[in-house]
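Below you'll find the structure, written out as structure tokens, and then a few comments.
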Amino acid sequence: MSKLDTVLAAIDTANAKDPRMDEGQPEDLLYGQRMSAECDQLFPNASEVLQIAARGQHIERWVLKRADFPKGRAGYLKWRRDLGAYHATRVGELMAEAGYGEEEIAEASGMLRKEGIKRNDQVQALEDVICFVFIKWYFAPFSGKHSPEKILDIVAKTARKMSAEARARALAEFDLPADLAAAFDI
């Protein structure tokens, strides 16, 4: 088995322990598989590090519960930063076990902590994958729980995180209502 296959299998093994279920599967396992599928679609020649970061984006996300952090925006942001650091550490451990070197581990860790978004092509590629997975799989359930104003705000924030190429592709691939589509036309 290749180093890449070893790491992806290890991430899946970790995520298979997720007690939360989505469509009859552990939530983080399903999310990781969706991330890999979208990465393959958007970046068919993706580096191994990008493929690993995509699969490990939510590794063991259930370990750090949002409820264990303070309420409000500051608590939410701390939770997200701590999650990024946790994911980077866990993926780095699995990469080391599979034989990846420090440079590759550091690159994946930086991607998972979103260091250099809009400045680093690989970090931006991961963000584009994340945004496509959100739009494709999680936007509809999310929109049913929030006001139209909140939905428009989230769509605008999502669009701003994406590269120009990803925004154009989203407009071409998704049938968005006019007000939401306008958020991608920046």
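Mind checking whether some residue in region 165-186 is surrounded by fewer than 20 Cβ atoms within 10 Å (Cβ to Cβ) and either of a type in the set (Ser, Thr, Tyr) or under 19 Å from Gln57 (Cα atoms) (or both)?
no
So which of Ala67, Ala88 is in a helix (DSSP H, G or I) and surrounded by fewer than 17 Cβ atoms within 10 Å (Cβ to Cβ)?
Matching residue, one of Ala67, Ala88: Ala67.
Among the helices (runs of 4 or more DSSP H) contained in region 103-164, which hold 2 or more residues that are within 19 Å of Asp28 (Cβ to Cβ)?
So the answer is 121-133, 139-143.
Name the residues in region 173-182 that are part of a helix (DSSP H, G or I) and either in contact with a Phe, Trp or Tyr (Cβ under 7 Å, 6 or more places away or on another chain) or within 13 Å of Ile135 (Cα to Cα) (or both), would you?
Selection gives Glu173, Leu180, Ala181.
If I go through region 15-29 residue by residue, how many of them are assigned to a loop (DSSP other than H, G, I, E, B) and either out of contact with any Leu (no Cβ under 7 Å at 6 or more places or on another chain) or surrounded by fewer than 19 Cβ atoms within 10 Å (Cβ to Cβ) (or both)?
Here the count works out to 6.
Working only within region 78-96, note down all residues that are of a type in the set (A, V, I, L, M, F, W, C), farther than 15 Å from Arg66 by Cβ and in contact with a helix residue (DSSP H, G or I) (Cβ under 7 Å, 6 or more places away or on another chain).
Ala88, Val91, Leu94, Met95, Ala96
List every residue pair whose Cβ atoms sit under 9 Å apart, with the two residues 6 or more apart in sequence or on different chains, where the first one lies in region 127-150 and is under 27 Å from Phe43 (Cβ atoms) and open to solvent by 70 Å² or more (accessible area, probe 1.4 Å) and the second, anywhere, is part of a helix (DSSP H, G or I) and among the basic types (Lys, Arg).
Within 9 Å, the pairs are Lys136/Arg34; Trp137/Arg34.
Please specify each residue of region 91-102 satisfying the condition of being surrounded by 14 or more Cβ atoms within 10 Å (Cβ to Cβ) and part of a loop (DSSP other than H, G, I, E, B).
Hit for region 91-102 is Tyr100, nothing else.
Would a scan of region 65-74 turn up a residue that is touching a residue at least 60 places away in the same chain (Cβ under 8 Å) and closer than 28 Å to Pro141 by Cα?
No.
Search region 1-55 for residues being of a type in the set (D, E, K, R) and modelled with pLDDT under 95, and hand back the single one that is farthest from the chain's Cα centre (by Cα).
Among those that are of a type in the set (D, E, K, R) and modelled with pLDDT under 95, it is Glu23.
For region 30-58, what are the residues that are of a type in the set (A, V, I, L, M, F, W, C), surrounded by fewer than 21 Cβ atoms within 10 Å (Cβ to Cβ) and outside any loop (DSSP other than H, G, I, E, B)?
Within region 30-58, Leu30, Ala37, Leu42 qualify.
Mind counting the residues in region 71-81 that are open to solvent by less than 80 Å² (accessible area, probe 1.4 Å) and farther than 19 Å from Arg113 by Cβ?
Residues in region 71-81 being open to solvent by less than 80 Å² (accessible area, probe 1.4 Å) and farther than 19 Å from Arg113 by Cβ: 1 in total.
The values are calculated or read from the model by the stated rules, or taken from the named source; none is laboratory data. The model shown is predicted, which means the values in this text are computed figures rather than measured ones. Every residue, glycine as well, gets a Cβ built from its backbone with ideal geometry; the counts of neighbours run over all protein chains shown. The area values use the complete protein model at the heavy-atom level, side chains included, leaving out ligands, DNA and RNA. Shrake-Rupley method; radii C 1.70, N 1.55, O 1.52, S 1.80 Å.
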